[in-house]
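Chemist: Structure in structure tokens, see below.
The values are calculated or read from the model by the stated rules, or taken from the named source; none is laboratory data. Bear in mind that the values here come from a model prediction, so they are computed numbers and not experimental data. Neighbour counts run over all protein chains shown; Cβ positions are idealised from the backbone, glycine included.
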Amino acid sequence: MKDDTTPSVEPAAKSGLRLMSLDALRGFDMLWIMGGDSIGHALSQMEPKGVVGVLGTQLNHVDWQGFRFYDLIFPMFVFIVGVSLVFSLTKLQEREGRTAAVGRVIRRTVILYLLGIFYYHGWENGWESIRLLGVLQRIALCYGAASLLFLFFKPRGLVIWCVGLLLGYWALMALVPVPGVGAGHFEEGKNLANWIDAHYLPWRKWDGDHDPEGLLSTLPAICTCLLGVFAGLLLQDPKGTPGRKAAWLAGAGLAGVALGALWGLQFPIIKKLWTSSYVLVAGGCSAMFLATFYWIIDVRGWKLWAQPFVWIGLNPITIYMLGNLLKFDDIAARVLGGPVEEWFNHQATGLGEVVLSVAGILLAISLCWWLDRRKIYVRV
């Protein structure tokens, strides 16, 4: 199936401006979503020394407060969604008008949200097993909200919305007292966001009585998407030179990280709460990654190395859903498991699980290559 105007995951190449860097960054991010956690788990099983220890740590989420590389992966995808929707919705609105664009946004938001329900096994084990808020659901809600804001507000209005949501979320979390606990607490289970999930989010929740993609924390997550929108507006602007755009992206990213770290002294950087400080740090890192990919690929023209990332980036939702249904690691284990584990265990390196994880990623990349060769791009 082909649909060249999909905003949530659409390659920039389909929206009038070829940004191979955006496709590549999306694929780079999806690569870690597809197998980064399994590699991190495998490395953590080895003796944590030197580089191996550092990699194992960075490829696992922090338990609660703090920031590691793997805590960047999800918000960077939301950021990329924001960049992409600028190009796709601009073209769609020019061609069909704002009413048609709004209809398309609503339809795709609903489809992506329902895919998220399906991803977590739907109502396979009864209604109470349904996870109403998860990764795809958060992407859907952030895409829908940021898209509607983009369609109805000028850049200045978007800035006001973004600042207002970040400050408003901080005020709620810091000033509204949690029954039986009080105000200004950010520990797990003692904060306002977790309390709201426990009392108002029905059915299955990822962490017992609360969810890392919960109700209240969806508000600052929208800001992550809006930061991507600002990056997209910068890249779309015909006035600036490509080199200057890359510099602005990098500078804004550094400023975001610095401001987020400073804010984190009072409002801690916590992914599972998607705190405002976390939004700024993750958004800043995402902007710097985009600046780097954009400068290397689209400004300098060094593209060949990024082709595997592009294959993945052209079919991100497809490979995400297939990874849930097919389990690439399990397939790799069926083909290589015994021989690989026997060999590496015999060598006493502890690398068997790492090799199987990498094999699973290579299998997924091969599938993306096959889809690209046949021009198969499945959109929601």
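Chemist: Filter segment 51-81 for residues that are of a type in the set (Phe, Trp, Tyr), surrounded by 21 or more Cβ atoms within 10 Å (Cβ to Cβ) and in a helix (DSSP H, G or I) and give the result.
Modeler: Listed by number, the residues that qualify are Phe74, Phe77, Phe79.
Chemist: Can you name every residue in segment 259-310 that is of a type in the set (Gly, Ala, Ser) and buried (at least 18 other Cβ atoms within 10 Å of the Cβ)?
Modeler: Gly260, Gly264, Ser276, Ser277, Ala282, Gly283, Gly284, Ser286, Ala287, Ala291, Ala306
Chemist: So for segment 150-166 (the condition being free of Cβ contacts under 8 Å to residues at least 40 places away in the same chain, within 26 Å of Trp206 (Cβ to Cβ) and out of contact with any Cys (no Cβ under 8 Å at 6 or more places or on another chain)), does at least one residue qualify?
Modeler: no
Chemist: Report the residue count in segment 335-376 for those that are at pLDDT 70 or above and either touching a Cys at 6+ places or on another chain (Cβ under 8 Å) or among the aromatic types (Phe, Trp, Tyr) (or both).
Modeler: Matching residues across segment 335-376 total 2.
Chemist: Can you find a residue in segment 82-100 that is in a helix (DSSP H, G or I) and in contact with a Cys (Cβ under 6 Å, 6 or more places away or on another chain)?
Modeler: Among the residues of segment 82-100, at least one is in a helix (DSSP H, G or I) and in contact with a Cys (Cβ under 6 Å, 6 or more places away or on another chain), which makes the answer yes.
Chemist: I'm trying to understand the selection: among the residues of segment 118-147, which are touching a helix residue (DSSP H, G or I) at 6+ places or on another chain (Cβ under 7 Å), under 20 Å from Pro316 (Cα atoms) and of a type in the set (A, V, I, L, M, F, W, C)?
Modeler: Listed by number, the residues that qualify are Val135, Leu136, Ile139, Ala140, Leu141, Cys142, Ala146.
Chemist: Check whether at least one residue in segment 128-140 is within 19 Å of the chain's Cα centre (by Cα) and exposed (fewer than 14 other Cβ atoms within 10 Å of the Cβ), and report yes or no.
Modeler: No, there is no match, as no residue in segment 128-140 is within 19 Å of the chain's Cα centre (by Cα) and exposed (fewer than 14 other Cβ atoms within 10 Å of the Cβ).
Chemist: Moving on to the next point. Could you please give the count of residues in segment 111-165 that are among the aromatic types (Phe, Trp, Tyr), modelled with pLDDT of 95 or more and part of a helix (DSSP H, G or I)?
Modeler: 5
Chemist: Name every residue in segment 282-321 that is within 30 Å of Tyr120 (Cα to Cα) and either over 17 Å from the mean Cα position of the chain (by Cα) or of a type in the set (D, E, K, R) (or both), in order of residue number.
Modeler: Result: Pro308, Trp311.
Chemist: While we're on this one: May I ask you to say which residue of Glu188, Glu213 is crowded, with 23+ Cβ neighbours inside 10 Å and of a type in the set (Asp, Glu)?
Modeler: When all the criteria are applied, what remains is Glu213.
Chemist: Sticking with this structure for a sec: Among the residues of segment 97-108, write down those that are without any contact (Cβ under 8 Å) to a residue 40 or more places away in the chain and not basic (Lys, Arg).
Modeler: Gly97, Thr99, Ala100, Gly103, Ile106
Chemist: Still on this structure, please answer the following. Could you tell me which of the residues Ile222, Ile319, Ile296 is within 21 Å of Leu85 (Cβ to Cβ), modelled with pLDDT of 95 or more and assigned to a helix (DSSP H, G or I)?
Modeler: Answer to the selection: Ile222.
Chemist: How many residues are within 22 Å of Phe74 (Cα to Cα) and more than 21 Å from the chain's Cα centre (by Cα) if we restrict to segment 192-208?
Modeler: 5
Chemist: Here's another thing I want to ask about it. Report whether or not Val281 is modelled with pLDDT of 95 or more, more than 17 Å from Gly82 (Cα to Cα) and in a helix (DSSP H, G or I).
Modeler: no
Chemist: Is there a residue being surrounded by 23 or more Cβ atoms within 10 Å (Cβ to Cβ), among the β-branched types (Val, Ile, Thr) and touching a residue at least 12 places away in the same chain (Cβ under 8 Å) anywhere in segment 224-234?
Modeler: yes
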